[in-house]
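One structure below.
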Amino acid sequence: MTIDPAILFGTPTPRVDGVAKVTGAARYGSDEPLASPAFACLVTSDIARGRITGFDLGAAKAVPGVLDILTHDTVGNQVKTPPGPDGGPTPTTLESDRIWHDGQIIAIVVANTFEAATEAVSRVRVSTVSEPPTASFDSPGTEVKAVAAARNGSAPKEDQTAKKAAADAAFAVAPVKVDARYATPPQHHNPMELFTTTCSWDGPKLTIYEPSQFMWGLKSAVARQLGIDPSDVRTVSRFVGGAFGSRGNVTSRTAWVALAAKRLGRPIKLVPTRAQGFTIATFRAETRQHVRLSATADGKLTSVFHEGWEVSSRPSSYKVAGNKATSRLYAAPSIATAVNVVHADRATPGFMRAPAETPYMFALESAMDELSYMLNMDPIELRRVNDTQTDPVSGLSFSSRLLMPCFDQAAEKFGWKQRNPKPGSMQDGAWLVGYGCATSFYPNNIGPAAARISLMASGRANVAMAAHELGTGAYTTIAITAAHALGLKVVDVAVQLGDSDLPPVPAAGGSNNAASTTHAVVKACEEVRRRLAEAAVAAEDSPFHGADPATLTLVEGRLQNANGQSEPLSRAVPRTGGRLEVYAENLPAGLPASAMAQLYDGRAMMSRGDSRKDVTAYAFGAHCVEVRVHSLTREIRVPRVVSAFASGHIINPTTARSQYMGGIIWGISSALHEATEVDPASARLINTNLADYMVPVNADIPSIEIIMVPEDDRRVNPLGVKGIGEIGIVGMNAAVANAVFHATGKRLRELPLRAEHLL
Amino acid sequence: MRPFSYARAPDLSQAVRLGQHTGQGQTDAPVQFLAGGTTLYDLMKLDVMVPEHVIDLTPLRGGHASITPSADGLRLGAFARMAQVAAHPVVRADYPVLAESLQLAASAQIRNMATLGGNVLQRTRCTYFRDPSWAACNKRNPGSGCAAVDGFNRNHAVLGTNASCIAQYPGDWAVALMALEAEIDLVGPLGARHLPFASLHRSADKQPHLETNLRPGEVITAFFIPATAYAQRSVYVKVRDRASYEFAIASAAVALEMDGDIVRQVRIGLGGMAYRPWRAHNAETMLTGKPLTDAAAEAAGQAAMEGAVGRGQNDYKIALGRQTIMRALMQAKAMPAPSRKA
């Protein structure tokens, strides 16, 4: 790669799709205009475990306008169950009479109008035989399985028994130690856009309009479920109204809506309710965690042990195993981990923004804070004492690690020096004041990706790839990359995304999107430059006739050489034909060639920052947060946050700042607000709406300052791009809990933190 | 959502006539009145209320929405919007607890729509009540039981409940009305009547589906709040899980008249923890005629929570209620002495 990332990135740029979004012109999945669609509504179970013994559909079918009702009786096994988020088994829906969890889809009503479908749903009568369900950790009937921390749930690659024994031994003799248990609640993504699906058939060709984080994955998965050729399936999702992991894998609804549309011979649109979004997609499972840290009197860690328990559905072994990450954060001679999946009568959980790190870093970073008080050491200094440039698990070097510069810059801006270390010592009027901090980090992932670029003689370019605009600013980052690589203005680059007819990119998850897409775009732009240059040096009428094509660059709409000689694209492009079109694939280093073929098959193989052979690649950050706790009534508020991140080259500081802030706000939410409540007796979800499932409002988030610490890391990938989608949230919940301890002297180890815990 | 008929009541007499089958406002009454719609539409979308006929009272706004302060007190048309009353300069100056309780409620959008009369009739936020897929709810289906008693009850009431229903009254403004000893005007098929606001809501009994003492067809037309010295020195403290757009987990409306350091009169309304809008009479008695110290405020808070029953997750409200009362008393004490004399 010859293009210097310093040229490509770093210019604050407004969103190219901003006007379309705020004026309603941006088309989300269910906005796509279709001729004469019918409307589907879902019937979901109101028991969590049992069997359906029969339906009484008479009243529902009698509602004027009702066209079809799909149940396990009528459609049964016509659609295969999709794989769970880990590729393994997951609960069935209309395939059988079995009910695995609350809110499972058990019937689909199709009608001429949304209103008729909604009314008919309320008139469906279902008979069930209920079995006593298991709600969560403390319920009777859980099944606990110890599993490996490996992502795919396979047997442990290395024996943790010896490591555990060593950690225990180090712990036993250490002068300072923390031994604590933590808990995090179930949480739901609640993206603004609901979990809609629209399906339309044209002969054998199926088009699916659905918010998705993986266009090519959705296409392949649904084709497999329906038993049709993936080339007959097109998925379209030009804009996604938030995803956060909830749209990474196919869910059961899609293929059923496709089948319903086929039965009816008409397009069908499904817009489920907000409440159904809690049970027809995935969620963040509740965890319990056990952390043991031991240290020398000067704060050096001598052992780290971190065990997690995570709830899953009966059939699925999905887990996040976040201690794979936490175990490599600090230098320690002895590190051991363990993970357990606790099966209950619940839906299968899945990816949710920083899936592994959000819950597990709460425990580790809370424990580090506890250790700092035992050591009587500033918590930032404790991180400094245990900072390392070497991954303590693999022994590999970090590709870059600016953790302490992040802490120092955040602390300086925050005014950390004003902190009186004594808990409960700071007060402002009736409010107790606390300062807390925590580390943030996230692995740098990159996958294979393809892009098609067309350059016109007019100096305008089109970039097309099946990438995903989840609100992150993907249209803009891709436009910036192509414009700067081609020497054009951002406004001269048109970007098409969100359509599986376009070249494939991996699932937009694990913060890989920016790295994966920009490398493919730059590769295509390099090829555009090469072809223009080779045509120019071969042409007698070109000023560059006979020159070395490698010396020519694209600058300000012209092809030019080092002497400043140039010619416009209006002359350079026609030499290659009517327009210049390039299709490029980028296969990141370390991945087998088959990874590219797999991508076309809807499977995204990643180069993961935590399992590379050459380096360990992570982005790092630091949060400093102030909390206020009312001295009498104990409400917790967060007036300000300062966070610093070192995350490689920042493509667009404007949208990066928004993404960091969004993560931080969600971290505050994770600490203080969000919890899905599960009724203990019935295993049903209680607060399946945005009134009772709390998220912060504007008044909860007065001030957030972001510092972007410059970082030029070419070992992570050629462009030095580290993802930023997830890192903002990581550690934030712990920073808030640590600040609450500092304000009150009370250590809260279970989220969310609420007034009642401090009374 | 089910089909229903809709009619506008052009005037009060037509409203009363059309509304004869509203019952006592129970959720399954076939006829429901519509004012701001912020509760009714919500519950209709949730399938909790499935009226056959909706009688729109919006035309009554013309004659029953004015804000009229006088030397005797404050008269408020029941169709005034929450936002309109919260912003009124006289309400803010002479009845701050009223303005604060309205301003801290709901969202700007809801405050712009919701009427005062509808506000005091707001339904509970009990999640089991609000989701008809739960079979057991005595408030929705009399005799079906209560899923909340042994279920998720963090937000439920600790005062004035019994085993048949532990739902809490969710509103704020009614709590302030309790403290200021407000009165209401009603018009119904049998004519007009005038009630102390405190007798509008029913206490817990075996019939939680009946929430008020409204008679069939009765419409609330006005509120009257007497002008008092304690109304001027009044405050609403709302404790909640987030800073805005959230119901109280505990709230206290305190109105205070001091004579030097001595409490001459005090009124305490409680919300976020009681089955109905609540008045802490015994706490008021304890405080009257004595200096308002931290210890006295704490003891009053303790007394106000006597008889409170926790059901597990809401146990904390007993302590939080006490602290909230303390905080409101001390905030009222810190306010400047009012201009109006008793």
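The values are calculated or read from the model by the stated rules, or taken from the named source; none is laboratory data. Note that the structure is predicted; figures quoted are calculated from it, not measured. Cβ: placed from backbone, ideal geometry, glycine included. Neighbour counts: every protein chain shown. These accessible areas exclude ligands, DNA and RNA; they are computed on the full protein's heavy atoms, side chains included. Shrake-Rupley method; radii C 1.70, N 1.55, O 1.52, S 1.80 Å.
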field: Single condition B:Asp172 does not satisfy, out of (1) buried (at least 18 other Cβ atoms within 10 Å of the Cβ); (2) within 13 Å of another protein chain (Cβ to nearest Cβ); (3) on the phi < 0 side of the Ramachandran plot
entry: (2)
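Okay, residues lined up against (1) surrounded by 20 or more Cβ atoms within 10 Å (Cβ to Cβ); (2) in the same structural domain as A:Val721 (by TED's automatic domain parsing); (3) within 30 Å of A:Trp216 (Cβ to Cβ):
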{"position": "A:Ser607", "(1), (2), (3)": "yes, no, yes"}
{"position": "A:Ala617", "(1), (2), (3)": "yes, yes, yes"}
{"position": "A:His623", "(1), (2), (3)": "yes, yes, no"}
{"position": "A:Arg628", "(1), (2), (3)": "yes, yes, no"}
{"position": "A:Thr633", "(1), (2), (3)": "yes, yes, no"}
{"position": "A:Ile636", "(1), (2), (3)": "yes, yes, no"}
{"position": "A:Arg640", "(1), (2), (3)": "no, yes, no"}
- prompt: What are the residues in region A:290-322 that are closer than 30 Å to A:Asp102 by Cα and in a loop (DSSP other than H, G, I, E, B), if any?
  reply: A:Ser313, A:Arg314, A:Pro315, A:Ser316, A:Ser317, A:Tyr318, A:Lys319, A:Val320, A:Ala321, A:Gly322
- prompt: From the list A:Arg401, A:Arg452, which one is under 31 Å from the mean Cα position of the chain (by Cα), open to solvent by 20 Å² or more (accessible area, probe 1.4 Å) and over 30 Å from A:Leu632 (Cβ atoms)?
  reply: A:Arg452
message: Can you tell me how many residues within region B:235-275 are touching a residue at least 60 places away in the same chain (Cβ under 8 Å), assigned to a loop (DSSP other than H, G, I, E, B) and surrounded by fewer than 24 Cβ atoms within 10 Å (Cβ to Cβ)?
response: 3
query: Taking the condition within 14 Å of chain A (Cβ to nearest Cβ), in contact with a strand residue (DSSP E or B) (Cβ under 8 Å, 6 or more places away or on another chain) and either touching a residue at least 24 places away in the same chain (Cβ under 8 Å) or aromatic (Phe, Trp, Tyr) (or both), does B:Gly312 pass?
result: no
statement: In region B:111-135, residues that are farther than 26 Å from B:Ala147 by Cβ and within 11 Å of chain A (Cβ to nearest Cβ) total 0
- request: With respect to A:Leu432, determine if the residue is open to solvent by 10 Å² or more (accessible area, probe 1.4 Å) and within 28 Å of the chain's Cα centre (by Cα).
  value: no
- prompt: Which of the residues spanning region B:182-224 are closer than 21 Å to B:Asn141 by Cβ and free of Cβ contacts under 8 Å to residues at least 60 places away in the same chain?
  reply: B:Asp205, B:Lys206
- prompt: If we keep just the residues of region B:3-49 that are open to solvent by 60 Å² or more (accessible area, probe 1.4 Å) and part of a loop (DSSP other than H, G, I, E, B), which is farthest from B:Gly117 (Cα to Cα)?
  reply: B:Pro3
query: On the given criteria, is A:Phe283 open to solvent by less than 10 Å² (accessible area, probe 1.4 Å), within 14 Å of chain B (Cβ to nearest Cβ) and at pLDDT 95 or above?
result: no
task: Scan region B:276-317 residue by residue and report those that are assigned to a loop (DSSP other than H, G, I, E, B), within 24 Å of B:Ala147 (Cα to Cα) and of a type in the set (D, E, K, R).
output: B:Arg276, B:Arg311, B:Asp315
query: Of the conditions (1) in contact (Cβ under 8 Å) with a residue 12 or more places away in the chain; (2) surrounded by fewer than 14 Cβ atoms within 10 Å (Cβ to Cβ); (3) of a type in the set (A, V, I, L, M), A:Val176 fails just one. Which one is it?
result: (2)
- request: Go through (1) under 20 Å from the mean Cα position of the chain (by Cα); (2) open to solvent by less than 40 Å² (accessible area, probe 1.4 Å) and name the single condition A:Asn738 misses.
  value: (1)
statement: In region A:642-670, anything more than 23 Å from A:Phe9 (Cβ to Cβ), crowded, with 24+ Cβ neighbours inside 10 Å and in contact with a strand residue (DSSP E or B) (Cβ under 8 Å, 6 or more places away or on another chain) is listed as A:Val642, A:Gly667, A:Ile668, A:Ser670
query: How about region A:253-264: which of its residues are open to solvent by 10 Å² or more (accessible area, probe 1.4 Å) and in contact with a helix residue (DSSP H, G or I) (Cβ under 9 Å, 6 or more places away or on another chain)?
result: A:Leu259, A:Lys262
field: Residue identified as more than 30 Å from A:Arg314 (Cβ to Cβ), of a type in the set (Val, Ile, Thr) and at pLDDT 95 or above among A:Val19, A:Val43
entry: A:Val19
message: I'd like to check which strands (runs of 3 or more DSSP E) are fully inside region A:95-207 and have at least 2 residues that are small (Gly, Ala, Ser).
response: A:105-111, A:125-130, A:176-184
Hey, B:Asp47 of a type in the set (D, E, K, R), touching a Ser or Thr at 6+ places or on another chain (Cβ under 9 Å) and in contact (Cβ under 8 Å) with a residue 60 or more places away in the chain or not: yes
- request: Check off (1) in contact with an Asp or Glu (Cβ under 7 Å, 6 or more places away or on another chain); (2) crowded, with 21+ Cβ neighbours inside 10 Å; (3) outside the structural domain of A:Ala117 (by TED's automatic domain parsing) for A:Phe305 and give me the number that stays unchecked.
  value: (1)
statement: Note: among A:Leu497, A:Leu488, A:Leu502, just one is of a type outside the set (Ser, Thr, Tyr), open to solvent by less than 10 Å² (accessible area, probe 1.4 Å) and modelled with pLDDT of 95 or more, namely A:Leu497
Count of residues meeting criterion [open to solvent by less than 40 Å² (accessible area, probe 1.4 Å) and touching a Ser or Thr at 6+ places or on another chain (Cβ under 9 Å)] in region A:558-588: 10
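Residues checked against (1) closer than 25 Å to A:Leu42 by Cβ; (2) open to solvent by 50 Å² or more (accessible area, probe 1.4 Å); (3) within 14 Å of chain B (Cβ to nearest Cβ); (4) at pLDDT 95 or above:
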site: A:Ala111; (1), (2), (3), (4): yes, no, yes, yes
site: A:Gly153; (1), (2), (3), (4): no, no, no, no
site: A:Glu158; (1), (2), (3), (4): no, yes, no, no
site: A:Ala170; (1), (2), (3), (4): no, no, no, yes
site: A:Tyr182; (1), (2), (3), (4): no, no, no, yes
site: A:Pro186; (1), (2), (3), (4): yes, no, yes, yes
site: A:His189; (1), (2), (3), (4): yes, no, no, yes
site: A:Thr198; (1), (2), (3), (4): yes, no, no, yes
statement: Listed by first then second residue, the pairs whose first member lies in region A:538-552 and is over 16 Å from A:Pro574 (Cβ atoms), whose partner is open to solvent by 80 Å² or more (accessible area, probe 1.4 Å) and among the small types (Gly, Ala, Ser), with beta carbons under 8 Å and at least 6 positions apart or on separate chains, are A:Thr551/A:Ala562
field: Within region A:678-690, tally of residues that are in contact (Cβ under 8 Å) with a residue 24 or more places away in the chain and buried (at least 20 other Cβ atoms within 10 Å of the Cβ)
entry: 7
Neighbours by Cβ (under 7 Å, 6+ apart or cross-chain): first from region A:691-704, modelled with pLDDT of 95 or more; second small (Gly, Ala, Ser): A:Val695/A:Ser669; A:Pro696/A:Ser669; A:Val697/B:Ala243; A:Val697/B:Ser244; A:Ala699/B:Ala243; A:Ala699/B:Ser244; A:Asp700/B:Ala243
